[in-house]
Amino acid sequence: MSKSIIRLSKSCIGNDEKRAVQRVLEREFLGMGEEVQQFEKNLQAYLGRPTVCVVNGTAAIQLALQAIGVGMGDEVLVQSLTYVATFQAIKATGATPIACDIDPSTLTIDCHDAERRINENTKAIIPVHYAGGVGDLEKIYSLAKKHKLRVVEDAAHAFASRYKSKLIGGFGDIACFSFDGIKNITSGEGGCVASGDPTVIDKCKDSRLLGVIRDSDKRFAGSRSWEFDVTSQGWRYHMSNIMAAIGIEQLKKVDILAKRRQRLARTYCSQFSNVKGLEVLDLDYNEVVPHIFPIMLSTPVLRNEVRDACIDADIEVGIHYKPNHELSYFQTNNNLILRNTDLISGRLLTLPLHPDLSTADVIQISKLVKNILN
Ligand SMILES: *Cc1c(COP(=O)(O)O)cnc(C)c1O
């Protein structure tokens with residue numbers, strides 16, 4: 001048998017998920033119904049706040065922004081170092097994403113830099129919980145309060161992560177999660193909006209179903225609205241029963257999945273302690289559930305060397321992310337430089353991390369990386 005590739009990330013699916021999907025298929029009600037309602041209830045019980053399940057995390061961010069009135073002419077602060085999904089979700093509302101710099105120690109938004117970019121059009125700030133860590137979230141909320149901004153947390157990396165012992169999504173303004181195939185829990189594709197603001201929840205419930213007012217309740221009861229009104233822009237962004245069936249099973253084992261990620265990240269950290277030319281994020285893995293494991297090399301040349309050596313050894317690696325301010329579509333007249341983003345992004349490399357990875361795999365990967373540095 002040929003040596004298999006160590007994957008960067010993957011879905012970790014057991015028999016429970018397979019049986020749950022089979023049950024939905026056999027009942028022949030694949031759209032949004034019972035399972036979606038149940039998944040929302042279970043998420044609410046877990047997070048302690050109402051949730052609205054949608055087709056993916058990008059849609060969750062777009063609908064959350066629209067629910068707080070963000071649209072044409074508005075500006076939204078967001079770190080440049082994020083998945084293009086965050087930027088496109090802002091653009092989809094008609095608003096302009098304003099690329100902000102990052103704090104080099106956490107790779108989350110730099111509040112000082114963000115504050116410099118605030119003007120009368122600024123409506124919201126999106127902190128991205130990079131790798132599952134949230135940086136100084138309290139500082140972000142006080143900045144938002146000072147300037148009367150709404151906060152939409154891009155918590156796509158941070159399902160099950162905690163901040164000062166509190167679950168992300170269980171406090172604050174609005175949190176958006178992704179359940180795509182490789183996130184901390186998955187529903188195949190999928191995502192949700194969590195908020196303590198009933199207006200946000202109600203608006204998202206309607207906007208995910210083409211704006212048809214109170215259609216969610218009807219669908220959960222297994223029927224549809226034939227006589228209805230639409231009063232705002234909506235999208236076809238609801239979650240299906242097939243997806244929710246997977247999500248329900250994944251949520252049941254979130255603690256096991258989270259602990260495996262935390263254990264593997266701690267192993268990487270101990271392997272890389274005191275290694276010259278390489279830094280890891282200083283995160284508390286009792287609180288943070290890591291979605292990815294990025295390392296920072298001392299130079300872009302070294303990063304590329306490590307990347308190539310990993311690929312040669314059949315170890316998949318990633319780059320999280322190419323900064324969005326470098327992408328043609330997101331160029332703005334905003335001429336303030338992004339110093340840390342520019343200094344750091346070319347030196348980042350993401351090593352494999354997923355619940356099916358073994359400690360031995362992590363040690364093997366770490367040894368290979370260290371060999372190149374020596
Ligand atoms: C995955 C992800 C999203 C979007 O979620 P999808 O479910 O893939 O649409 C948004 N932001 C970040 C940082 C992500 O990693």
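Just one of Glu120, Glu153, Glu115 is among the charged types (D, E, K, R) and within 16 Å of the ligand (Cβ to nearest atom); which is it? So that I can check it myself, show each step before the final result.
On the way: Glu120 fails: within 16 Å of the ligand (Cβ to nearest atom); Glu115 fails: within 16 Å of the ligand (Cβ to nearest atom).
Within the list Glu120, Glu153, Glu115, the selection yields Glu153.
Which residues, counting only those in the range 133-160, are surrounded by 24 or more Cβ atoms within 10 Å (Cβ to Cβ), in a loop (DSSP other than H, G, I, E, B) and on the phi < 0 side of the Ramachandran plot?
Passing the criteria: Gly133, Val134, Ala155, Ala156, His157, Ala158, Phe159.
Anything in the range 126-138 that is away from the ligand (no atom under 15 Å from the Cβ) and farther than 10 Å from Thr106 by Cα? List them, or say none.
Result: Leu137, Glu138.
Looking at the range 299-306, is at least one residue touching a Ser or Thr at 6+ places or on another chain (Cβ under 7 Å) and either within 26 Å of Leu77 (Cα to Cα) or away from the ligand (no atom under 16 Å from the Cβ) (or both)?
No, the range 299-306 contains no residue that is touching a Ser or Thr at 6+ places or on another chain (Cβ under 7 Å) and either within 26 Å of Leu77 (Cα to Cα) or away from the ligand (no atom under 16 Å from the Cβ) (or both).
Check the range 57-74 and report whether any residue there is within 14 Å of the ligand (Cβ to nearest atom) and assigned to a loop (DSSP other than H, G, I, E, B).
The answer is no, given that none of the residues of the range 57-74 is within 14 Å of the ligand (Cβ to nearest atom) and assigned to a loop (DSSP other than H, G, I, E, B).
Against the definition (hydrophobic (A, V, I, L, M, F, W, C) and in a helix (DSSP H, G or I)), how does Ala258 come out, yes or no?
Judged against the criteria, Ala258 is a match.
So how many residues does the range 95-112 have that are within 15 Å of the ligand (Cβ to nearest atom), closer than 26 Å to Tyr285 by Cβ and hydrophobic (A, V, I, L, M, F, W, C)?
3
How many residues are without any contact (Cβ under 8 Å) to a residue 12 or more places away in the chain and touching a Leu at 6+ places or on another chain (Cβ under 9 Å) when one looks only at the range 32-77?
So the count comes out to 0.
On the basis of being outside any helix (DSSP H, G or I) and either more than 16 Å from the ligand (Cβ to nearest atom) or of a type outside the set (Gly, Ala, Ser) (or both), does Ser225 make the cut?
Yes; evaluated as a whole, the condition is true for this residue.
Is it the case that the range 316-326 has a residue that's part of a helix (DSSP H, G or I), more than 20 Å from the chain's Cα centre (by Cα), under 30 Å from Lys370 (Cβ atoms) and at pLDDT 95 or above? Please lay out each step first, then the result.
In the first step, residues of the range 316-326 are kept if they are part of a helix (DSSP H, G or I); the result is 324-326.
Applying the additional criterion that residues be more than 20 Å from the chain's Cα centre (by Cα) yields 326.
Of the ones still in play, those that are also under 30 Å from Lys370 (Cβ atoms) are none.
Looking through the range 316-326, none of the residues is part of a helix (DSSP H, G or I), more than 20 Å from the chain's Cα centre (by Cα), under 30 Å from Lys370 (Cβ atoms) and at pLDDT 95 or above.
Of a type in the set (Phe, Trp, Tyr), surrounded by fewer than 20 Cβ atoms within 10 Å (Cβ to Cβ) and modelled with pLDDT under 95 - does that describe any residue in the range 215-227? Before you say what the answer is, go through the steps one by one.
Just the residues of the range 215-227 that are of a type in the set (Phe, Trp, Tyr), to begin with: 220, 226.
Filter once more, so that each one left must be surrounded by fewer than 20 Cβ atoms within 10 Å (Cβ to Cβ): 220, 226.
Retained after the next criterion (residues that are modelled with pLDDT under 95): 220, 226.
Scanning the range 215-227 turns up at least one residue that is of a type in the set (Phe, Trp, Tyr), surrounded by fewer than 20 Cβ atoms within 10 Å (Cβ to Cβ) and modelled with pLDDT under 95.
If Ser178 satisfies every condition in (1) under 18 Å from Ala67 (Cβ atoms); (2) more than 9 Å from the ligand (Cβ to nearest atom); (3) hydroxyl-bearing (Ser, Thr, Tyr) but one, which is the exception?
Checking Ser178 against (1) under 18 Å from Ala67 (Cβ atoms); (2) more than 9 Å from the ligand (Cβ to nearest atom); (3) hydroxyl-bearing (Ser, Thr, Tyr), the one that fails is (2).
Scan the range 86-130 residue by residue and report those that are within 16 Å of Thr58 (Cα to Cα) and in a loop (DSSP other than H, G, I, E, B).
Correct list: Thr93, Gly94, Ala95, Pro127, His129.
For Ser4, all conditions in the list (1) under 28 Å from Pro294 (Cα atoms); (2) surrounded by fewer than 19 Cβ atoms within 10 Å (Cβ to Cβ); (3) at pLDDT 95 or above hold save one; what is the number of the exception?
Every listed condition holds for Ser4 apart from (3).
Tally time: how many residues in the range 6-30 are without any contact (Cβ under 8 Å) to a residue 24 or more places away in the chain and hydrophobic (A, V, I, L, M, F, W, C)?
Selection size over the range 6-30: 0.
If Val289 meets every condition in (1) crowded, with 18+ Cβ neighbours inside 10 Å; (2) free of Cβ contacts under 8 Å to residues at least 12 places away in the same chain; (3) not basic (Lys, Arg) apart from one, which number is that one?
(2)
Residue check, Asn304 against (1) of a type outside the set (Gly, Ala, Ser); (2) out of contact with any helix residue (DSSP H, G or I) (no Cβ under 8 Å at 6 or more places or on another chain); (3) not in a helix (DSSP H, G or I), all met but one. Which one?
(3)
Could you please find all residues in the range 80-94 being more than 9 Å from the ligand (Cβ to nearest atom) and touching a residue at least 40 places away in the same chain (Cβ under 8 Å)?
Residues satisfying the conditions are Ser80, Leu81, Phe87, Lys91.
The values are calculated or read from the model by the stated rules, or taken from the named source; none is laboratory data. None of the values given here were measured: they were computed from a predicted structure. Note: ideal-geometry Cβ built from the backbone for every residue, glycine included; neighbour counts use all protein chains shown.
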